[in-house]
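To start, the structure itself, in structure tokens.
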Amino acid sequence: MENIGHAGREIVERIMPKDVAIKRVAELRAAKAKEYDVRLQIATEIIDIAYGFFTPLEGFMTKADVTAVCDNITLADGKTVWSIPIVFDISEEELKSTGIQKDDTVILTYTGNPLAIFDVTDVFTLDKKDVAMKVYATTEEKHPGVKRTYNYKDKFLGGKITLLNPPKINPPYTEFWLTPLMMRERFKEKGWVRIVNHQTRNVPHTGHEWLCKGAWLQTYGELSIEKPIVGVLVNAIIGEKRVGDYIDEAIILTHDKLRTAGYFGEHNHMTSCTLWDMRYAGPREAVFHACLRTNLGLTHHMYGRDHAGVGSYYGPYDAHHMLAKVRDGLNITPTYSMNWLYCPHCGEITSEGLCDHKKEWQKFSGTVVRSIIIDGVKPPRLIYRPEVFDVIMETAEKYGFGSAFVTEDYLKRRTPVFTIEPLK
Ligand SMILES: [Zn+2]
């Protein structure tokens, strides 16, 4: 039962062994199969599907699935909870020029090299405004998820995919990219029986560190503390970046440093990354994260205020309410956390509602924290652990062209997270 993921389903792995894949591509090409070169987002989602990150999905959604996701937060079966459409878009012109139609077996390539086989079972259109309203609760184009929806091309293809060619995950991500099955192996080695997820797009200040420590304590619950049986998994979402975000390299390497510098240990902390372009769908993204992390083998998931939100589109606890609504369809336990902040009176990091010095509390303000990093002057260790701060500065130099934050330059010149090499 250990390979069971979201909705009690066995983890999907749709990967063709290399020798079989080489033959299959040759056969398909000899039979003049249609080919289509996908863009980065689609390539990323193909990889996610093929390794079971999106279990029980075996491919891109059909119209029936998308409709059910939008209307009922389930797949077309009416019972499997799913909150975000996973779609393959294509333009009318591309459909014409490639000749792709329903029931075709298509070779999907990325950067010109074979990536996957796509068995197309549905060709359809969507009312994008309707999708935006239902998934994001707004139709405003300045919401990044809505913008992504509007930018989809006009036609969609549904059907199963099978990976032909595993991605080469480039440094520094290589060791952190763990598939759902690999993850389960690690957890088994560590003997963890409960694992709590920390979702992150940040480099950790001490408030984040304590968020994880608080969740670790919460997850322990009634368990005996005799041996290390509860772990924190920091699962960094690596994907499309916006100018001003932290660079991916800094996010993953700083979190890892918290463990190697001893603020956590091998017995209770692990860092990994998952490829996903954030949709900033707030409550619906919270549900999606629950499904994703169940597939990673986790038992608990931290949710703070305004989880995966953007701007002021969602209330601070909307995600919590949505999770409660679909609770029966999820098999992961949410742990709700308060904000951690600095209390000068206690001289320590504290949680909202913990000590009685509310008037003195100093919140970690995003602006202050960013200006500390931009100044590059080592802050007090109660804000940033010195080892973590060093890693921020190093990664800025090594990967960020001098900046820990995404710039236009970084977007143009960064090393891709993965590459698809020729199939041979
Ligand atoms: Zn206090």
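Round to the nearest 0.05 the FRET efficiency obtained for Glu397 and His321 when R0 = 41 Å and r is the Cβ-Cβ distance. Numbers along the way, then the final one.
Details: r = 43 Å, r/R0 = 1.05.
E(calc), rounded to 0.05, equals 0.40.
Across the Cα atoms of the chain, what radius of gyration and what greatest pairwise Cα-Cα distance (Dmax) are found, in Å?
Spelled out, the Cα radius of gyration and Dmax of the chain are 21.9, 75 Å.
Please say if the range 27-76 is rounded, prolate or oblate, where rounded means a/c under 1.5 for a ≥ b ≥ c the square roots of the C-alpha gyration tensor eigenvalues, and otherwise the choice is prolate for a/b larger than b/c and oblate otherwise? Don't skip to the answer; put the middle values down first.
Working: a/c = 2.42, a/b = 1.88, b/c = 1.29.
Here the range 27-76 falls in the prolate category.
For the chain, what is the accessible area per residue in Å² when the probe is 1.4 Å? Don't jump to the answer; show the numbers that get you there.
Details: 18340 Å² over 424 residues.
Accessible area per residue, the chain: 43 Å².
How much length is gained on full extension from Arg201 to Ala26, taking 0.36 nm per residue of separation minus their Cα-Cα distance? Mind dumping the intermediate values first?
Values: separation 175, 0.36 × 175 = 63.00 nm, distance 4.12 nm.
Here the segment from Arg201 to Ala26 would lengthen by 58.9 nm.
Build a GNM of the chain with springs between Cα atoms under 10 Å: which of Ile195, Ile225, Ile374 gets the top mean-square fluctuation?
Ile225
Relative to the first principal axis of the alpha-carbon coordinates of the chain, what is the inclination of helix 248-260, with its axis defined by its Cα atoms, in degrees from 0 to 90 and to the nearest 10?
Helix 248-260 sits at roughly 50 degrees to that axis.
Could you order peptides 90-99, 70-79, 110-119 by the average number of other Cβ atoms within 10 Å of their residues, highest first?
On the way: 90-99: 13.0, 70-79: 15.3, 110-119: 20.2.
Top of the packing list down: 110-119, 70-79, 90-99.
Report the label-to-label distance for Met182 and Lys153 in nanometres (one decimal), using points 7 Å from each Cα along the Cα→Cβ vector.
Distance between the two pseudo-spin positions: 3.1 nm.
Pick from His345, His267, His255: which residue has the top mean-square fluctuation in a GNM of the chain where Cα pairs under 10 Å get a spring?
Between His345, His267, His255, it is His345 that shows the largest mean-square fluctuation.
Using r as the Cβ-Cβ distance of Asp103 and Leu382, and R0 as 56 Å, what FRET efficiency do you calculate, to the nearest 0.05? Intermediate results must be reported in sequence, preceding the final value.
Details: r = 62 Å, r/R0 = 1.11.
Taking R0 as 56 Å, the efficiency between Asp103 and Leu382 is 0.35.
Along Cα→Cβ, 7 Å out, is where each label goes; now give me the distance between the ones at Cys346 and Asp37 in nm to one decimal.
5.6 nm
Output the 0 to 90 degree angle, nearest 10, between the alpha-carbon long axis of helix 18-30 and the longest principal axis computed from the alpha carbons of the chain.
40 degrees
Taking a temperature of 37 °C and a viscosity of 0.692 mPa s, what whole-number D in µm²/s does Stokes-Einstein yield for the range 128-266 with Rh from Kirkwood over alpha carbon pairs? Mind showing how you got there, number by number?
Numbers: Rh = 18.3 Å.
It diffuses with D of about 179 µm²/s by this estimate.
Within the set of other residues whose C-beta is less than 11 Å from the C-beta of His300, count the net charge using Lys and Arg as +1 and Asp and Glu as -1. Please list the in-between numbers first.
On the way: positive: Arg194, Arg293; negative: none.
Within the 11 Å Cβ shell, the charges total +2.
Tell me, what % of the accessible area of the chain is carbon and sulfur with a 1.4 angstrom probe?
The C+S portion of the solvent-accessible surface of the chain is 52 percent.
What number, rounded to the nearest 500 deg cm²/dmol, is the helix-based mean residue ellipticity at 222 nm of the chain, given -39500 (n - 2.57) per DSSP H run of at least four residues and division by all its residues?
About -10500 deg cm²/dmol.
How much net charge surrounds Glu387 when only other residues with a Cβ under 14 Å from its Cβ are counted (Lys, Arg +1; Asp, Glu -1)? Write down the numbers at each step before the final one.
On the way: positive: Lys257, Arg259, Lys378, Arg381, Arg385; negative: Glu209, Asp256, Asp390, Glu394.
After counting each charged neighbour, the total is +1.
For the range 327-337, just list the computed ³J(HN,Hα) in residue order, Karplus coefficients 6.51, -1.76 and 1.60, θ = phi - 60°, integers in Hz, with x standing in for Gly and Pro.
Computed from phi, the couplings for the range 327-337 are 3, 5, x, 10, 10, 9, 9, x, 10, 8, 10 Hz.
Rounded to the nearest 0.05, what FRET efficiency do Glu189 and Thr260 have when you use their Cβ-Cβ distance and R0 = 30 Å? If you can, show how the numbers build up before the last one.
Working: r = 18 Å, r/R0 = 0.59.
E between Glu189 and Thr260, to the nearest 0.05, is 0.95.
The values are calculated or read from the model by the stated rules, or taken from the named source; none is laboratory data. This one's a predicted model, so the numbers in the text were calculated from it and none came from an experiment. Cβ atoms come from the backbone with ideal geometry, glycine included; neighbour counts cover every protein chain shown. With ligands, DNA and RNA removed, areas are computed over all heavy atoms of the protein, side chains included. Shrake-Rupley method; radii C 1.70, N 1.55, O 1.52, S 1.80 Å.
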